[in-house]
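Working notes for the structure below.
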RNA sequence: GGAGAGGUGGCAGAGUGGUCGAUUGCGGCGGUCUUGAAAACCGCUUCGGGUUCACGCCCGACGGGGGUUCGAAUCCCUCCCUCUCCGCCA
């Protein structure tokens, strides 16, 4: 969340940054300031009363000690009324604070100065491209046809088991998925300096709130229940990304400065309800309720975060380069960024069978926005507790990578050629034609 | 799921209604002594909030929330978590 002090000191600057993200999002600010004022006035009042009460209580204690019970009783009588006033004021302060914080949680991060202004994906800026669209001597097939023909994914039976939007990988398909996960983890831990972690796949709501997925986007995630206990429904949620558990690993901690930077890498499945999302119901693997992803998370000192963002993008790109996949890096405009992000690069891979680019990675610097929400700090040299910057990036999403890979490397004979970097993991240089 | 024990400062561990934000030990930091180090001795060692130009002053926090009381780490209620034993189980 944003720093209340920043909003207090410079509300107009905050509002104009928020406006760049899209209409109406700055609207909470006046009310927040109002509530903040009410809270601070109340706090000053109630604390003066508490100070009074504390003094009186000590005096009563002293009187009791001297066995002056009648005097003590008289003082108690006087002080009783103070207690009632305090209770009432405390309540009012808590209510103002609760409403203020609820509004604060609904405000997205401010875009970084280097982010281009714009309202939609149209205004995103292409930064660079790698490789070229492959030329085919035949009409390239879509991954859906390739998966059917090579029996890599059984769409129909997945739907029978779990409904639409789920995948049943089979044979070479299952093996390819596993090989990709292994290759990506080895790359990021071995070459890029990340520490591998394997987190819980169900998390409490405080983790979703910590990274900014709650409370605004409640409807997008799967809540689970234990047995038929409706009471317990929603105490845990299936993770929409490894970012949710991994970025929260150090929540509510004060890290020694020497521990930074922290770089984590995690493979997990990701679960998304995708209520109302465009493209739900699309045939194939592009948008599904469950997919695999290898995620990168960094917790760094504020002064290093933008350099760390650039290197993170190159780490994700390396995956595509090793697999020989044409891609481009796009800088998202103010209107297209995620809620918690200050600056985001997307990496889009070319999928010849689709005739379009697919987003396989999104690398974001959330600055201190998430650290504030999860109260994660580090102790700086000067003894001050400061909020670190938290970055997340896909390195990369697997289902779409799978799509781009088989569509790009499909051969005239119906087989799929496997890039050299992956051959050791798949233990084959091709997926044979059926 | 059943029975029991427990959650206090970086760690260990006291404290069961009145200057207890908390005895003590360890660790850590600074200092004295020393050529240097060790030992010994002395001091410091949590976090949030309000207010102030600042020094400072004040309020809150002993797993979370609520209650009793003039006053709660301490009493009551409730939730969460950890440990031990039993049951079930990949």
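Every number here is computed from the coordinates shown, using simple stated rules; none is lab data. Quantities reported herein were computed from a predicted structural model and do not represent experimental measurements. With ideal geometry, Cβ positions are generated from the backbone for all residues, glycine too; neighbour counts draw on all protein chains shown.
Would you mention how many residues in region A:382-404 are within 16 Å of RNA strand B (Cβ to nearest atom) and within 18 Å of residue A:187 (Cα to Cα)?
Of the residues in that region, 0 qualify.
Please work out which residue is surrounded by the most Cβ atoms within 10 Å (Cβ to Cβ), limiting yourself to region A:47-71 and to residues that are more than 7 Å from RNA strand B (Cβ to nearest atom) and in contact (Cβ under 8 Å) with a residue 12 or more places away in the chain.
A:63
Where in region A:174-284 are the strands (runs of 3 or more DSSP E), entirely inside, with at least 3 residues that are closer than 24 Å to residue A:318 by Cα and more than 14 Å from the chain's Cα centre (by Cα)?
Output list reads A:195-197, A:262-271.
Could you identify the single residue in A:383, A:393, A:338 that is outside any helix (DSSP H, G or I) and either touching a helix residue (DSSP H, G or I) at 6+ places or on another chain (Cβ under 6 Å) or under 19 Å from residue A:263 (Cα atoms) (or both)?
It is A:393.
Take the conditions over 30 Å from residue A:325 (Cα atoms) and surrounded by 14 or more Cβ atoms within 10 Å (Cβ to Cβ) and apply them to residue A:80. Does it pass?
Here the answer is no, as residue A:80 does not meet what is asked.
Is it the case that region A:29-41 has a residue that's over 30 Å from residue A:208 (Cα atoms), more than 7 Å from RNA strand B (Cβ to nearest atom) and not in a helix (DSSP H, G or I)?
No - not one qualifying residue is present in region A:29-41.
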